[in-house]
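Student: A single structure is presented below for examination.
The values are calculated or read from the model by the stated rules, or taken from the named source; none is laboratory data. Since the structure is predicted, the reported quantities are computational estimates derived from the model, not experimental observations. FYI the Cβ positions are ideal-geometry reconstructions off the backbone, even for glycines, and counts take in every protein chain you see. Accessible surface areas use protein heavy atoms only, side chains included; no ligands, DNA or RNA. Shrake-Rupley method; radii C 1.70, N 1.55, O 1.52, S 1.80 Å.
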Amino acid sequence: MRQMKSHTEITLESIKVFANDGKLDATEFDRLIELALRDQIIDDDERRVLFKILVQAEGAGIDAATRARIDQVRAAQKL
């Protein structure tokens with residue numbers, strides 16, 4: 001069986017995140033990043049999907065812990 005592309009997995013996982021309570025928390029964000037970094041790099045497709053997810057999450061509001069984690073990953077991974 002062929003493995004799903006990671007950016008598709010990230011998209012599907014984000015649907016669960018926003019369907020749950022409409023907001024992204026640090027644990028959920030870490031799960032998305034874990035999927036993206038499974039192969040040790042964040043490729044252009046993963047970066048594009050993560051960017052859209054973060055725009056949506058920021059529009060819905062995020063707590064300080066999640067903001068700090070996002071900022072940390074953005075700096076390290078150039079998101």
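Student: Of these, ASP21, ASP25, ASP44, ASP63, which one is open to solvent by 70 Å² or more (accessible area, probe 1.4 Å), of a type outside the set (Gly, Ala, Ser) and touching an Asp or Glu at 6+ places or on another chain (Cβ under 9 Å)? Give the derivation first.
Tutor: Values: ASP21 fails: touching an Asp or Glu at 6+ places or on another chain (Cβ under 9 Å); ASP25 fails: open to solvent by 70 Å² or more (accessible area, probe 1.4 Å); ASP44 fails: touching an Asp or Glu at 6+ places or on another chain (Cβ under 9 Å).
The match here is ASP63.
Student: Further question: Of all the residues that make up the range 47-60, how many are more than 13 Å from PHE18 (Cα to Cα) and open to solvent by 40 Å² or more (accessible area, probe 1.4 Å)? Explain how you work it out, then say what you get.
Tutor: If we filter the range 47-60 for residues that are more than 13 Å from PHE18 (Cα to Cα), which is where we start, we get 47-51.
Next cut, open to solvent by 40 Å² or more (accessible area, probe 1.4 Å) only: 47-48, 51.
Total meeting the criteria: 3.
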